[in-house]
Amino acid sequence: LTGLCPLAGPCPTSSIHVYTQREVYGTVGSHVTLSCSFWSSEWISEDISITWHFQAEGSRDSISIFHYAKGQPYIDDVGTFKERMEWVGNPHRKDGSIVIHNLDYTDNGTFTCDVKNPP
């Protein structure tokens, strides 16, 4: 059996480039937009997924706080961002941005945007 790659040479791969702001500042009680744009040499698949992770300052653990898949946003409904997050992205415009409302001191940390555009 052979895979989908040619026998003589490596498999061709496509990359996706994700762009976010290095630092974002907000004040307690206000809101902030976490921008996430991306570029792919491939067409935007219906199976595209976007996941936002949060790692609190001083913590080693990262938690998933938002997920977009199969055309639907899935917002964290149990964690610290419950009812404070808004999906403002549009994958067809290569945008995976979210807004966090009613900022708190505990929101300080690292947010990561992960985009997958299968295959």
Inset, instruction - Please list 29-40, 70-81 highest first by mean number of surrounding beta-carbon atoms within 10 Å per residue. - result: 29-40, 70-81
Inset, instruction - Kindly report the accessible area of the chain per residue (heavy atoms of protein chains, probe 1.4 Å, no ligands, DNA or RNA), in Å². - result: 70
Inset, instruction - Quickly work out the residue 86-to-residue 57 label distance, labels modelled 7 Å from Cα along the C-beta direction, and quote it in nm with one decimal. - result: 2.5
Legend entry - Partners for residue 94 among aspartates and glutamates (Cα-Cα distance below 12 Å; same-chain residues under 8 apart left out): 42
Legend entry - Share of carbon and sulfur in the accessible heavy-atom surface of the chain [1.4 Å probe, %]: 52
Legend entry - Volume per residue that the Cα convex hull of the chain spans, once the total is divided by residue count, Å³: 148
Inset, instruction - Count charges around residue 63 for me, please; just the other residues with Cβ under 15 Å from its Cβ, Lys/Arg as +1, Asp/Glu as -1. - result: -3
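The values are calculated or read from the model by the stated rules, or taken from the named source; none is laboratory data. Predicted, not measured: the structure shown is a model, and the values here were computed from it. We place every Cβ from the backbone using ideal geometry, glycine too, and count neighbours over all the protein chains shown. The area values use the complete protein model at the heavy-atom level, side chains included, leaving out ligands, DNA and RNA. Shrake-Rupley method; radii C 1.70, N 1.55, O 1.52, S 1.80 Å.
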